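Colleague: Quick one: the structure is below, questions incoming.
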Amino acid sequence: MAEDIKVIVFKLSDEEYGIEVDKVQTIERMMPITRVPKTYSFIKGVINLRGVVIPVIDLRGRFGIAEAEHTDQTRVIIVNVNEMEVGFIVDSANDVIDLNRESIDTPPEVVGGIKAKYLDGVAKIGEDRLLIMLNLSEVLNKSEIVQLESLEG
Amino acid sequence: MDMNQYLSMFIDESNDHLQSLNENMMGLEANPEDLSIVQVIFRSAHTLKGMAATMGFEDLASLTHQMENVLDLVRNNKLKMQDFIFDTLFKSLDALESMVQDITGGGEGKADVSAIVASLQAIVRGEVPSAAGSSAAAEPQTTAEAAAFLDEFQLSVLSQSIQEGHQVLYIDVAIRKDCQLKAVRAYMVFDLLERSGEVVTSFPSVQDIEQEKFDHGFSLYYITQKEASDIQSMVMNLSEIEKVTAVALDQETLTQMGQGMTAAAAEAPVQVAEPSAAPAPAAVPASAPVKEEASKAAPARTGGAPSRTIRVDIERLDVLMNLFSELLIDRVRLEQLASEVQNSDLTETVEHMGRVSSDLQNIVMKLRMVPVDTVFNRFPRMVRDLAKSLDKKIDLVITGAETELDRTVIDEIGDPLVHLLRNAVDHGVESIQDRLASGKSDTGTVNLRAFHSGNHVFIEIEDDGAGIQPQKILQSAIKKGILTQEQAAGYSDDEAIQLLFAPGFSTAEVISDVSGRGVGLDVVKAKITSLGGNVVVYSKPGKGTNFSVQLPLTLSIIAAMLIRLGSEKYAIPLSSIVETGIIKQNQIRKIHGSKMIEFRNTHIPLLSLSKFFSVPDFDERTEEETEIVVVRKGERLVALAVQDFIGQNEIVIKNLGKYLPEVQGISGATILGDGQVALIIDPNAFIK
């Protein structure tokens, strides 16, 4: 019997994604971002989170989805992975669900244009809701980004 | 039990104890007769041993244990301190230090210390190599040991007993390490022995044994009718006894012991193991006053009052600081709102809150201040060792050790200071012969002082050595190709001396031949400059040299110039700004395709910050006049074009987080009064 985990659900475009709740520090409303020059385009800059300066990543940009205007629903999810504190800009985040580990399947090769390596798996909730579980250490892996940038640039 | 949570505490405290051991040992070396110092050392070692054993660092515990054995003999007047013992103890301290370091680095604190342990054990046995070559060291082991705690009276009692046909035994008892009530065990041994003979004396004394003031063994002299082997098996029959050795002493060994004693006392009063020099503590009434005196003196030395400080993780203080800056931002917001609302009660409350919060801010800042003592305290030992190895006599005089600096500076300043001190001892102070030849006293003095001045702390290292010869520096600079003959001619003596810090001077073996200075000083300078400080040398030939290091009080707060580029704000550290000004478009020239401006009769490059940072909403080319900030790195200057100066401000430096470790041209970030993040410009990035 696999254990239940709590998952924060957020939206990018029309897909739903999940991050395990213990990796999430807080979820904030959009706040002023200070641009940091000379860095990757998906790094939107840094924010002041209660006195700590934290870099913010546009998750759409990170996954190569066209970036969108920020709305009232836009949230910054502050995660803490491998001692790195990073904020993810997502379209909306408003759900926490319990998930049984067994219900997470290995991901198909490509989901919504995102490379499979960023994914931990896909969970099916209810009848027709699919939740894409993110592999945060891969999402934040910079060595791979460096390669990507050098290919592009 | 999970010990990990206690590990950092253990490391901190071990370091404290090692430091105090080092200090007190040096104090004892200067004043070997002062038993109260031994008492303090002993207690420190004892605590260290206990902590190490609790934490399961066996090697550490056993080495300290051996040290304790030696110290115990010393404090009980059974052993005189001398060079060999000092050296061995210092070596043990070094070994302990490296073990603790290993533990700090995540190791298990294991080390091969068998050589040191062997020397320590030899000292306990009384086998101390000595120039005099007489007495105890030459005696057989048991005799030496025996002489260590027998006085003349007891000796004669023993020898009489032998004459009367009794057995005189020297018995060594070891109690098992896991024994819970060793004093009780010891009592049972005594009790058993008393039934078939008489215990003349024991080591440690009976009183100490009763109070559990012994480790896992004790030895005693015993008069009986029984055979040694009988006694041995009798004692072995008691439970929890690990080992018993009983040696029968004959008349001859006793006589030898007596002779050894008198010889030692007469010939070499500073020798080891002479009970005649002091009342043997085994003779209980005589020893008591000595011990009392020592234990009374000891608390006086340590100040008596328990420490009124607590240890705080620096990260927690950082969190406190962060929260605090948040509070300040809210305060600004509240002040704004209050002025809009125009309610006098509200305004008053907000003003009061403002005062309280600025007091609080001061206190939070002060919490991060640490006395430089924490860096200085390792220097006396270092200078001692260095002077010894160089065969020099040096007095290190430390003043102002209570001067406080921010923890961030303290952590960084150690290495440069070590370098400068080594320099002063090695090259500054002359050899004893040279000193005497030039009419100085044979002991050189190195002054290490720290003091506050304005927003800075100065640390000076001054020696009374031969000083620096400017001419020799110039010559070697010419030889190294740093200067031409003509340039050198224009150098004043002072300027020549500052050349010591020039890069390229460092690796020059020529320099160490010529002046003996300049080895790696450019590295020292670079380090200090990177801390926002400065270092200068003053030297008078024949009188000595003074290295003066100027440091900022803290690294986490700097004075900066805030500038605007379109909608973005940046901070430039004031320490690297030479000048600010305004230039007109027609003052900008192009040399080799790059923009230059004239600045004090030279041309320096002009760099567009907005272009460098690709600022979206500003371009100075559209402006008729442009504000510039001239920044420097070392001797080189560059002008940065900006839109506006906002003003000078004290800013708290924050890093950009682990995800963004290095961004070109940016050294960090700070949070402005309105809660916005501003990036701090790293001027070094513009000067290649």
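The values are calculated or read from the model by the stated rules, or taken from the named source; none is laboratory data. None of the values given here were measured: they were computed from a predicted structure. Counting neighbours? That spans all protein chains shown, and the Cβs are built from the backbone with ideal geometry, glycine included. Protein only, heavy atoms only, side chains kept; ligands, DNA and RNA dropped before computing areas. Shrake-Rupley method; radii C 1.70, N 1.55, O 1.52, S 1.80 Å.
Colleague: I need to check one value: relative contact order of chain B, counting alpha carbon pairs closer than 8 Å and at least 6 residues apart, in percent.
Modeller: The value is 8 percent.
Colleague: Within chain B, which is the longest segment containing none of the GluC sites (Glu not before Pro) that sit in a DSSP loop and have at most 16 other Cβ atoms within 10 Å?
Modeller: Between exposed loop sites, the widest span is B:403-622.
Colleague: Can you sort B:SER667, B:SER608 by 1.4 Å-probe accessible area, starting with the largest? Before the final figure, lay out the partial values.
Modeller: Values: B:SER667 70, B:SER608 25 Å².
The residues order as B:SER667, B:SER608, largest area first.
Colleague: In addition: Sequence gap at least 6, Cα distance under 8 Å: using those rules, report the relative contact order of region A:1-115 to the nearest whole percent. Walk me through the numbers on the way to the answer.
Modeller: Working: 206 pairs, mean separation 38.0, N = 115.
Here the relative contact order equals 33 percent.
Colleague: Find the centroid of the Cα atoms in region B:1-55 and in region B:370-425, then give the distance between the two in whole Å.
Modeller: About 20 Å separates the Cα centre of region B:1-55 from the one of region B:370-425.
Colleague: While we're here: With every protein chain left in place and a probe of 1.4 Å, what is the accessible surface of A:MET30, to the nearest 10 Å²?
Modeller: Here the residue's solvent-accessible area equals roughly 60 Å².
Colleague: Go through A:ARG29, A:ARG62 and list them by solvent-accessible area, largest first, probe radius 1.4 Å.
Modeller: The most accessible residue leads, giving A:ARG29, A:ARG62.
Colleague: Enter the Cα centre distance for the pair region B:643-658 and region B:541-580, rounded to the nearest angstrom.
Modeller: So the separation of the two Cα centres works out to 13 Å.
Colleague: Order the following by accessible area, largest value first: B:SER389, A:SER137. Probe radius 1.4 Å; ligands, DNA and RNA are ignored. Could the numbers behind the result be given before it?
Modeller: Numbers: B:SER389 90, A:SER137 55 Å².
Largest to smallest exposure gives the sequence B:SER389, A:SER137.
Colleague: Taking only Cα atoms, what is the 0 to 90° angle, nearest 10, from helix B:379-390's long axis to the longest principal axis of chain B?
Modeller: Helix B:379-390 and the main axis of chain B meet at about 70 degrees.
Colleague: Could you pull out every one of the aspartates and glutamates with an alpha carbon less than 19 Å from that of A:LYS142, ignoring same-chain neighbours closer than 8 positions?
Modeller: A:ASP58, A:GLU83, A:GLU85, A:ASP120, A:GLU152, B:GLU662
Colleague: Could you pull the accessible area for B:SER98 with a 1.4 Å probe, rounded to 10 Å²?
Modeller: Per-residue accessible area (B:SER98): approximately 60 Å².
Colleague: Next question, about the same structure. Is there a pair in B:LYS49/B:LYS80; B:LYS392/B:LYS540; B:LYS78/B:LYS388; A:LYS44/B:LYS611 whose C-alpha atoms are over 26 Å apart, and which pairs would that be?
Modeller: Values: B:LYS49/B:LYS80 23 Å; B:LYS392/B:LYS540 21 Å; B:LYS78/B:LYS388 28 Å; A:LYS44/B:LYS611 19 Å.
With Cα atoms farther than 26 Å apart: B:LYS78/B:LYS388.
Colleague: Another question, if that's okay. Below 8 Å between Cα atoms, with a sequence gap of 6+, how large is the relative contact order for region B:349-422 in percent?
Modeller: RCO, region B:349-422: 41 percent.
Colleague: Quickly estimate the mean residue ellipticity at 222 nm for chain B, helices only: each DSSP H run with n ≥ 4 gives -39500 (n - 2.57), and the total goes over all residues, rounded to 500.
Modeller: Helix contribution divided over all residues of chain B: -14500 deg cm²/dmol.
Colleague: Check the straight Cα-Cα distances from B:LYS527 and name the lysines below 19 Å, setting aside those fewer than 8 residues away within the same chain.
Modeller: Excluding near neighbours in sequence, the set is B:LYS633, B:LYS688.
Colleague: Can you tell me which aspartates and glutamates have their Cα less than 18 Å from the Cα of B:LYS440? Leave out same-chain residues fewer than eight positions away.
Modeller: Within the straight-line limit of under 18 Å, B:LYS440 reaches these aspartates and glutamates: B:ASP391, B:ASP395, B:ASP426, B:GLU430, B:GLU462, B:ASP463, B:ASP464.
Colleague: Of the heavy-atom accessible surface of the protein assembly as shown (probe 1.4 angstrom), what whole percent is carbon and sulfur?
Modeller: 50
Colleague: With every protein chain present, what accessible area does B:HIS452 have (1.4 Å probe, heavy atoms only), rounded to the nearest 10 Å²?
Modeller: Looks like 100 Å² after rounding.
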